[in-house]
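The values are calculated or read from the model by the stated rules, or taken from the named source; none is laboratory data. Here the structure is a predicted model, which is why all the values come from computation and not from measurement. For neighbour counting, all protein chains shown are included, and Cβ atoms are generated from backbone atoms with ideal geometry for every residue, glycine included.
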Amino acid sequence: MLTPREFYVVIERDEDGYYVGEVPQLKGCYSQGDTIDELLTNIKEVIELCLEEQEESNKNLSEFVGIQKVSI
């Protein structure tokens with residue numbers, strides 16, 4: 001049995017009202033959905049695809065450090 005892996009998903013709402021998610025640990029790993037639930041279902045599929053691609057190319061995962069809010 002595989003050990004579950006956890007990933008952070010940064011979620012935003014775009015100008016058309018869609019929820020857009022990106023996984024910073026996986027290059028090019030993003031998806032969208034009409035609802036947050038739909039987005040999370042879609043992003044799980046994309047994460048699996050990104051992990052398969054990484055295994056084939058032997059790339060290492062980036063380490064997610066965090067999100068900071070900056071005021072200017």
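Residue pairs whose Cβ atoms lie under 6 Å apart, separated by 6 or more positions or on different chains, with the first residue in the stretch 13-42 and without any contact (Cβ under 8 Å) to a residue 60 or more places away in the chain and the second assigned to a loop (DSSP other than H, G, I, E, B) and of a type in the set (Asp, Glu), are VAL20/ASP14. Just a yes or no: is a residue in the stretch 19-28 surrounded by fewer than 12 Cβ atoms within 10 Å (Cβ to Cβ) and of a type outside the set (S, T, N, Q)? Yes, because at least one residue in the stretch 19-28 is surrounded by fewer than 12 Cβ atoms within 10 Å (Cβ to Cβ) and of a type outside the set (S, T, N, Q). Scanning the stretch 29-48 for residues that are part of a helix (DSSP H, G or I) and surrounded by fewer than 12 Cβ atoms within 10 Å (Cβ to Cβ) returns ASP37, GLU45, GLU48. Would you confirm, using the coordinates I've provided, whether LEU49 is among the aliphatic types (A, V, I, L, M) and either out of contact with any Leu (no Cβ under 9 Å at 6 or more places or on another chain) or in contact (Cβ under 8 Å) with a residue 40 or more places away in the chain (or both)? For LEU49, the condition - among the aliphatic types (A, V, I, L, M) and either out of contact with any Leu (no Cβ under 9 Å at 6 or more places or on another chain) or in contact (Cβ under 8 Å) with a residue 40 or more places away in the chain (or both) - is met. If you go through the stretch 37-72 and pick out every residue that is more than 18 Å from TYR8 (Cβ to Cβ) and hydrophobic (A, V, I, L, M, F, W, C), you end up with 2.
Looking only at the stretch 35-61, count how many residues are touching a strand residue (DSSP E or B) at 6+ places or on another chain (Cβ under 7 Å) and either closer than 12 Å to GLU22 by Cα or at pLDDT below 95 (or both). So the answer is 4.
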